[in-house]
Amino acid sequence: MQPSLAAQIDGELTKSWHEPRSATLRALYVARQDATQRQDVRGAVWIVGILYMLFTVTDAVLIGDVLPYTAAARLAIGLGFILSIEIQIRRKVSLPLIDRQCAAGVVVGYGAWLWLSSYSHHHVSASYYMTFGIIFMMVSNLFCNFGFRLALIASGVIAGSFLVALATIFSVSYEYAVAVGTLYLSTFVLTLYVNWKLNRERYRVFLNAVRAEQQQAEVVQRGAALLRLSTTDAMTGLANRRAIDDALRTHWEAWQGRGEGFGVVLIDIDYFKLFNDHYGHQEGDRCLVEVAAALQRVAAARGCTVGRFGGEEFILLARSESRRQMTRIAEEVRCAIEALALPHCQRPDRSETITVSVGAAFSADVGGNKVERLVTEADRALYAAKASDRNCVRVFDRDDPEQLGLYESVADLVRTALAQDRVSLVYQPILDARTGAVVAAEALMRLTAPGGEPVSPAVFIPVAERTGAIVELGKWAVRTACREALIGAGLPRVSVNVSAAQFRVPGFALAVAGILAETGIPASRLAVEVTEGHEIETQAAVMQGLAEMRELGVKLWLDDFGTGFAGLSCLRSLPFDLVKIDRSFLEAAAAPQGLRMLEDIIGLVRNAGPATLVEGVETEEQRAMLAARRVDKLQGFRLGRPMPIAALKGFLRGREVAPARSRSA
């Protein structure tokens, strides 16, 4: 098997001087040097040729009796040397052949000068002039950048020619022969050694440059892959929430600035929870993938952007000139999913296949200057579709009181949830990756409708944030989690999700401090989870709220790391105690490139200081792989599903639980 280029370079750099070089790397070296060396050769040839002709002046002084011959020879050889090499360069002859022609030109120029000088009657002057022959060796070995073998041959011919001429043509004293012969031989050896060193050093510089380029290319490739992964839903391959938010802003700016209309289409799979519970999560995932593929086909045909908005909800952004055109696109989406005919025998209605409810809103129908309003109105339309026997399309109409009433009913349900005791917490265990001990649990909010059916957090949490009800719900969640999980179940630590909307309300940290004092819980046993996002850094109130929490001693956890806008800059802004790496990176780790990326992210977080937690552990293989990579904590269905407090207490019986006073993150 052929070793990689990086391995060949490493092997080449460790070779001793006498070991043979890699033919592959030598060929690459010659090819890489070709463009720059051609320009260098051109410049060197002109300088050498002109200098050779200018030595006619020296000929006139020292060997003037043969000047007509030397002048003619210098002119012919100098111009011929320049022109012949220039023609070869313009014809793009290979560089090794040009080098050989240059070397031949240097040798011919020296031979002609030496031969003509021998006819001079000025023997003393000519004998001194012979020492100038070392210039030709310098040109060959140092000036023209010849390879070692070519320099050896060219300078060897020059030195050999002089020694032969010294012994047979010139009549000089023994002392002169020894002195000048030693000078020639010394110059030959020393300049040849310098040539070898320079060629070797140039080759090593080339190898290091290629290796650096490879490393840079790998970094760029990994960065691009990381960006692609951070903007792509790992399961479906569609754009994720981060990428959709970017696309939303781009569409909105085009609408605000140039009047280019567009629509937001929200798609929700009908009765998907029942499908998941009956067929299992693997079939549920397969269903999501097939639905995503169908949506992608519609989007590609229409030039739209499609993404996964969360859970079984998808979003499509479509350029459109009217509400009617956008309605046609939404209907195409509904029909495309219905045409899949995926079986769903657990539906409570008459249908037995997977269908979707679709809600849409058109930019011209929504006032205001915030794109979030458009998504909110598409939400309203989606609620209307779900309330209309599902498998239908509803488009937001500001003049339709029925849609407004549906949205307001969800808002009313959220506002009255605490008073009517319709909200509760479930807890998902968090385990130590090394020991398997339960070290914490994440508190997750659940809401029940008056009819007893659960309301998805993806539905009621955004409404709670928009109406402001999330603030009171958040305080209730902190108090309940402290009483149930920390006091009742004796967990070492509990984490509670806190949104940016809660931090924007003055006094939230003070309220948390009051709850801790009321329950007698040390602040270090409570952690607040904030989702990585643009709001963390760009809103001073959020940063202030997080800083106040840290001053209380509450642990700060960064949730869904790698899926938002802030990235590592979040870690620079605030010293988070723990970073939860989003499950999409673990899902992608099934492939070698995804595994390397997960390892890079774990290393980046660890180097920044916080402890690491990986979400979405579904298999024993994933657990073992993460433990081997020194991840601190794990969370996922394989380790424990979200459960009510009573089930959590049963889960903890007979299991190792970390000490409550643990000082870890």
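What follows draws every value from the coordinates through simple rules; no lab data is involved. Being a predicted model, the structure only gives us computed values, none of them experimental. Cβ sites come from the backbone with ideal geometry, for glycine too, and all protein chains shown count toward neighbours.
Would you kindly calculate the translational diffusion coefficient of the range 27-74, applying Stokes-Einstein with the Kirkwood radius from alpha carbon pairs, for 25 °C and a viscosity of 0.890 mPa s, and quote it in µm² s⁻¹ without decimals? For the chosen part, D equals 192 µm²/s. Given R0 = 35 Å, the distance between the Cβ atoms of residue 216 and residue 283 translates into a calculated FRET efficiency of 0.20. Using the empirical formula 2.2 N^0.38 Å as the baseline, the Cα radius of gyration of the range 121-160 reaches a ratio of 1.38.
So what's the convex hull volume per residue for the Cα atoms of the range 5-214, in Å³? Provide the component values of the computation, followed by the final result.
Numbers: hull volume 23.9 nm³, N = 210.
For the range 5-214, the hull spanned by Cα atoms encloses 114 Å³ per residue.
So which of 370/475; 555/649; 15/197 end up more than 26 Å apart by C-alpha? If you can, show how the numbers build up before the last one.
Details: 370/475 28 Å; 555/649 23 Å; 15/197 15 Å.
Correct reply: 370/475.
Gyration tensor analysis over the Cα atoms of the range 423-525 returns equivalent ellipsoid semi-axes of 24, 19, 12 Å (largest first, whole Å). The alpha-carbon positions of the range 279-338 define a convex hull whose volume is 74 Å³ per residue. Mean silhouette area of the range 235-399, derived from the convex hull of its C-alpha atoms and averaged over all directions, reads 9.0 nm².
If I histogram all Cα-Cα distances within the range 471-560 using bins 5 Å wide from 0, what percent of pairs lands in each bin? The calculated distribution, bin by bin, is 3, 15, 28, 27, 17, 7, 3, 0. Taking each residue as 0.36 nm, the span from residue 420 to residue 199 lengthens on full extension beyond its C-alpha to C-alpha distance by 71.1 nm. Per residue, the convex hull around the alpha carbon atoms of the range 322-386 comes to 92 Å³. Once you treat every alpha carbon in the range 184-235 as an equal point and sum by Debye, what is log10 I(q)/I(0) at q = 0.13, 0.15, 0.31 Å⁻¹? Once normalised to I(0) and log-transformed, intensities are -0.55, -0.61, -1.01. Counting only alpha carbon atoms, the long axis of helix 401-415 and the longest principal axis of the chain meet at about 90°. In the chain, taking the dipole from charged Cβ atoms about the Cα centre, the farthest positive-side position among 515, 104, 343 is held by 104.
Please state the charge dipole magnitude for the chain, taken about the Cα centre, from unit charges on C-beta atoms (+1 on K and R, -1 on D and E), reported in debye and rounded to the nearest 20.
Here the size comes out at about 1520 debye.
With θ taken as phi - 60° and the Karplus curve 6.51 cos²θ - 1.76 cosθ + 1.60 applied, the whole-hertz 3J(HN,Hα) list for the range 333-343 is 4, 4, 5, 4, 6, 4, 5, 5, 6, 6, x Hz, x standing for glycine and proline. For the chain, the relative contact order is 8 percent, taking Cα pairs closer than 8 Å that sit 6 or more residues apart in sequence and dividing their mean separation by the residue count. For the chain, the 222 nm mean residue ellipticity estimated from helices alone, with every DSSP H stretch of n ≥ 4 adding -39500 (n - 2.57) and the total spread over all residues, rounds to -19000 deg cm²/dmol. Indicate, rounded to the nearest 5 percent, the antiparallel portion of the DSSP beta bridges found entirely in the chain. Beta bridges within the chain, antiparallel portion: roughly 55 percent. Principal axis extents of the Cα atoms in the range 416-665, from largest to smallest and rounded to whole angstrom, are 51, 44, 37.
Give, to the nearest whole percent, the P(r) tail of the range 151-291 beyond 27 angstrom, counting all Cα pairs.
Values: 6400 of 9870 pairs.
Of all Cα-Cα pairs in the range 151-291, 65 percent lie more than 27 Å apart.
Assuming 1.567 mPa s and 4 °C, estimate D for the chain with Stokes-Einstein, Rh taken as the Kirkwood radius over Cα pairs, in µm²/s. Here the translational diffusion coefficient equals 41 µm²/s. Restricted to Cα atoms, the range 73-143 shows a radius of gyration and a Dmax of 14.3, 46 angstrom.
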